[in-house]
Amino acid sequence: AVTITPEIAITTSSTLVCEATASDEDGDALTLSYSWMNSITGDALGTDATLTLSTDTASPGDGIVCTAVVTDPSGGTDTGSASVSVDNTDPEITSVTITPESEVITSTVLTCLATASDADGDDPDLSYSWTNATTGSLLGSGTDTVTLSSTTASPGDIITCTATAEDADGGTDEGSASVTVDNINP
């Protein structure tokens, strides 16, 4: 038998362990050897029982195969293999900011800036939506800026930018930031 541990929840940074069990009817001492391969790219990945993946060796959706070869002292051999699939890791929004953060009035142009990372090495796409959290109104989507007006915001309203990061494999993450509309002194 050949097994890979873990069998599930494998990411591009997982450490995998291949283990083979073998027997010989002659009672001979057996020698086990291992080889790892990415079944999608065909790349050889290593010959140890343990393999640590990286974004250079694996991508979401790749199959990782461990082949074990058992050899007896007389030269007899047998081969077995096991495989696992690499799962996608969702991107992560690392920050969301709105400028300006203060002195926001009902005619201010607000700009939202988000940063995101992805453990799989992808460059996530960012999209934005704006809401008036106080009234529940959608103020805009698809753009990182919104211009407030007296019809969309009033003093005391909370304006929220929600940023969404999406990776090439469909994984997403959201983050948001908010500012409050100030009163204008007469």
Among 138-145, 13-20, the order from most to least packed when residues are scored by Cβ within 10 Å on average
13-20, 138-145
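Report the Stokes-Einstein translational diffusion coefficient (µm² s⁻¹, integer) for the stretch 1-78, Rh taken as the Kirkwood radius over Cα pairs, at 20 °C with viscosity 1.002 mPa s. The partial results should precede the final answer.
Numbers: Rh = 13.5 Å.
So the translational diffusion coefficient is about 159 µm²/s.
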The base-10 log of I(q)/I(0) that the Debye equation returns for the stretch 49-154 at q = 0.14, 0.20, 0.22 Å⁻¹, one scatterer per C-alpha, is -0.74, -1.05, -1.16
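Relative contact order, percent, of the chain when contacts are C-alpha pairs under 8 Å separated by at least 6 residues? Walk me through the intermediate numbers first.
Values: 460 pairs, mean separation 34.5, N = 186.
So the answer I get is 19 percent.
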For log10 I(q)/I(0) by the Debye sum over Cα atoms at q = 0.09, 0.11, 0.13, 0.16 Å⁻¹, the choices are (1) -0.27, -0.41, -0.57, -0.87; (2) -0.58, -0.71, -0.84, -1.02; (3) -0.53, -0.64, -0.74, -0.91; which was calculated from the structure?
(3)
Rounded to whole Å², per residue accessible area for the stretch 78-186 with a 1.4 Å probe reads 53 Å²
If you rank Glu166, Glu25, Glu7 by how much accessible surface each has, with a 1.4 Å probe, what is the order from largest down?
Glu25, Glu7, Glu166
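Quick one: with all protein chains in place, what share of the accessible area of the stretch 29-86 is carbon or sulfur, to the nearest percent (1.4 Å probe)? Walk me through the numbers before you get to the answer.
Numbers: 1410 of 3010 Å².
On the stretch 29-86, the fraction of accessible area on carbon and sulfur atoms equals 47 percent.
The values are calculated or read from the model by the stated rules, or taken from the named source; none is laboratory data. Computed from a predicted structure; not experimentally measured. Note: ideal-geometry Cβ built from the backbone for every residue, glycine included; neighbour counts use all protein chains shown. Surface accessibility is based on the protein's heavy atoms, side chains included, excluding ligands, DNA and RNA. Shrake-Rupley method; radii C 1.70, N 1.55, O 1.52, S 1.80 Å.
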